[in-house]
Structures are given as C-alpha cells and as structure tokens.
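Nothing in this text is a laboratory measurement; each read-out follows from the coordinates by a stated rule. As the structure is a computational prediction, the values presented were derived from the model and not from experiment. So basically every Cβ, Gly included, is an ideal-geometry build from the backbone, and we count neighbours across all protein chains shown.
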Amino acid sequence: MRRPNAWSALRGGWPLLVLACAATDAAAQSAQPQQLVDRAEATLRTFLRDPDMASLRGNIAKARGVLVAPEVVKAGFILGGSGGRAVLIVREPSRNEWRGPAFYTLATGSVGVQAGVGSSETVTLVMSERGIHALLAPSLKLGTEVSVAAGAVGEAAAATPPSDFVSFARSKGVPAGMDLAGTVITANNEWNTAYYGRAVLAPDVLVRGGVVNPNAAPLLATVTRTGS
C-alpha cells in the first residue's frame, strides 16, 4: 500500500490551514474595534462621574448622539496636528433607544487644553439632527459644515451654547471644554465591517438598525442610564 509523502500530506491539510489563518486574522481585526468600544465606555463613565462635567450630564439627555474618542494624540509639538479614533452612538427618537456604535477617525489641527499636553480624551454631544446627518456622510469638517463649541466646565457650569456639536475634554485627568473647530471626522468603514462581521456603513448601524454587536451592550447601557 502506497503511503502519501510529506508534500501530499501537507497539501491535503492546506485548506484547513488557510481557514484557520483566516479565522485568526478575522478575530484580530475585530479585536481592535472592540478595544476601542471598551475604552470609550470607560471614558464616558469617567466623564459622567466628574463633578466638573455638570453641563455634560445635564445635556446628554437632549443630545441626538454621543461621539467618544478615548485618546486624541498630538502628532508633534512643532508641526502640530493630532488624531484619534472615535465611536458614535445615536438616539432613535421614536423609540428613545440608543444604537451603535459606528466607527470614525478624527484629524484635527491641535489637541490639548494645557501647554505641553500630548493627548486628550473627548466626549462630544451631537445636539441637532443636522449634526447626525452630517456624520452619516463619508466625512465632514467641524466648524465649516456644522457648528461646534466647547462645553462649559465646572460644578456650576453655564448652559451649553447653541451648536450642532458640543465638545468636552480631559487632558491628564484635568477637565476642560475643548473647541474642535477644524476637525475632520471620517467614517471608518473598515472597522465597521470588522466589528459587525460584514460590509456595513454608518447609516446601516445608526439609522436602518438591525446591525448589532452584543459586545457593545455596556457602552449602550452607560449612555442609556444617563441619557434617557
């Protein structure tokens, strides 16, 4: 009886090896978006517990959406420029329920509320329907296509200024309002696809519904407790 040689055995197992590698690669691709979602939930909880974020807590129930960037990193102190990744969750008005997240990339000219600060975490409230519609496009520029303002900070913070977007930031644990005017926000369709396991766009996740990842439940629960 003829025995298969080593090459034949290897060739026979090749399809299984390809499938295993593909599964491993898919798992790795989905891990990064999940880490961002987990960090976003932790960032949002931190902001909501901060006594100086009274304005954020008071206005989140009025917001149509919440955009959370756990880390916006300054690219260079001389050249300037910064960027980061963010997740967006939105309120479905008719059912008063939150959907998402969808993934975005931020690119802005500067970051930090203190001299020398290299990174910040931000929570931005989307206060208008126009703001939500702008985020459903492939990209937008804050301050040009929609208005943006820095949120008030302090235990007795003033009322939030009328604007499509209102941003709050913390740098090295210090809370402050942060003006994100000039920031370009771009939909990250690659991460949307990785997170939901099929090709989806932000409108599929945030508007049409039916696209759900159960691992986002803690983030949705956090905003639901405060923003409903």
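Exposure proxy for Arg170, Arg198: other Cβ atoms within 10 Å of each Cβ, ordered fewest to most, give Arg198, Arg170.
Can you give the FRET efficiency for Asp204 and Ala61, using 1/(1 + (r/R0)^6), R0 = 35 Å, r = Cβ-Cβ distance, to the nearest 0.05? About 0.85, to the nearest 0.05.
Taking 25 Å as R0, compute the FRET efficiency from the Cβ-Cβ separation of Ala137 and Arg225 and round it to 0.05.
Numbers: r = 30 Å, r/R0 = 1.20.
My answer for the efficiency is 0.25.
For an R0 of 35 angstrom, estimate the FRET efficiency from the Cβ-Cβ distance between Gln35 and Arg130 and round to the nearest 0.05. According to the calculation, E is roughly 0.65.
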